Amino acid sequence: MVYPPFYNYFAYWIIIISCFHINYGYCKNYPSELLECVFQTTLNTTKEIPVLSYHQIRNLKPSDSKKNSTYILSIQYFKEHMQMLRDSGYHPILPDQYIEFVQNGKPIPPKPIVITFDDGTIGQYEHALPILEKFGFKAVFFIMTITLNKQGYLNNEQIKKIANKGNRIGCHTWDHHNVTKYENTDWKLQVEKPTQVLQEITGMPIKYFAYPYGEWNHLSIIKLKEYGFKCAFQLGGKMDTEEPLFTIKRILVDGSWSAKDLNNIIKKQLR
Ligand SMILES: [Zn+2]
């Protein structure tokens, strides 16, 4: 039987109003559940955005130990990873878009993903950057300032070029010291000064932080906020329900992963 349009609209409104009433009533009567609803929404949305953490992009040398090779991805594999992201319809976004999406629901492209690099090794400029450019992808580069201008690491000019191409530079401390072990003066040495140095090099504000070894505690979140950071990235640990933007979980990309492996791991996270 075909109902006239009015009856169809009427039925839709009844359903919409009922759903709203049920949800609102549930949260209104139970304030703690209401909070849980809000946090659950945040967590669900961030879970939908995988974040990749790359380290060295270069071909293996005979002198590389097996343990270190975990952090070294060949140039060919990196190319294939990016090709897979393109072919699978992923759209790399930057943390600003991630934050706007989580906080204000600002639209982002379908199948969003964030690409990050840690430790500022030279292959990220020499090998990864041209590949990213070929695909039109932007990424975040987390720099520890103790290695600036040292052999095998990025120099000031390269960091500026990376930033000028629309990528983002983030702080990864001075010497990769675990933030959970900081005493008072360490914050100045490990976070305040390196952030200033990176701001001077790029001429841009430094708003993102990556925890060395992915380790964090609540004091570090308070401190990072004081220094004006907008978000912080860990590795595979559980995201904090109250501070999801300061405990953003990343997939630590292993040097042995093919594009197919990476694709499966991303899908597993999204499940
Ligand atoms: Zn690191």
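The values are calculated or read from the model by the stated rules, or taken from the named source; none is laboratory data. Treat the numbers as computed from the prediction; the structure is a model and nothing was measured. Every residue, glycine as well, gets a Cβ built from its backbone with ideal geometry; the counts of neighbours run over all protein chains shown.
Take the conditions (1) in contact (Cβ under 8 Å) with a residue 24 or more places away in the chain; (2) within 15 Å of the ligand (Cβ to nearest atom); Gly236 misses just one of them, which is (1). Residues in the stretch 126-141 include none that are within 19 Å of the chain's Cα centre (by Cα), on the phi > 0 side of the Ramachandran plot and within 15 Å of the ligand (Cβ to nearest atom).
Among residues of the stretch 213-226 that are in contact (Cβ under 8 Å) with a residue 24 or more places away in the chain and within 14 Å of Asp186 (Cβ to Cβ), those with a Cβ under 7 angstrom from a residue that is more than 16 Å from the ligand (Cβ to nearest atom) and assigned to a helix (DSSP H, G or I), sequence gap 6+ or separate chain, pair up as Lys223/Trp187; Leu224/Phe246.
Checking Thr241, Thr247 one by one, the residue that is at pLDDT below 95 and β-branched (Val, Ile, Thr) is Thr241 and no other.
Scanning the stretch 184-219 for residues that are hydrophobic (A, V, I, L, M, F, W, C) and closer than 21 Å to Tyr54 by Cα gives Leu198, Ile206, Phe209, Ala210, Trp216. Entry remark, the stretch 97-125: residues being over 14 Å from the mean Cα position of the chain (by Cα) and either assigned to a helix (DSSP H, G or I) or within 16 Å of the ligand (Cβ to nearest atom) (or both) number 9 in total.
Taking the stretch 228-271 as the range and being in a strand (DSSP E or B) and over 18 Å from Asp96 (Cβ atoms) as the test, the residues that pass are Ile251, Leu252.
The number of residues in the stretch 195-224 that are among the basic types (Lys, Arg) and surrounded by fewer than 14 Cβ atoms within 10 Å (Cβ to Cβ) comes to 0.
If I filter the stretch 147-194 down to residues being surrounded by fewer than 16 Cβ atoms within 10 Å (Cβ to Cβ) and either within 16 Å of the ligand (Cβ to nearest atom) or of a type in the set (Gly, Ala, Ser) (or both), which single residue comes out as nearest to the chain's Cα centre (by Cα)? Result: Gly166.
Filtering the stretch 114-136 to residues that are more than 17 Å from Asn59 (Cα to Cα) and surrounded by fewer than 20 Cβ atoms within 10 Å (Cβ to Cβ) leaves Glu133, Lys134, Phe135, Gly136.
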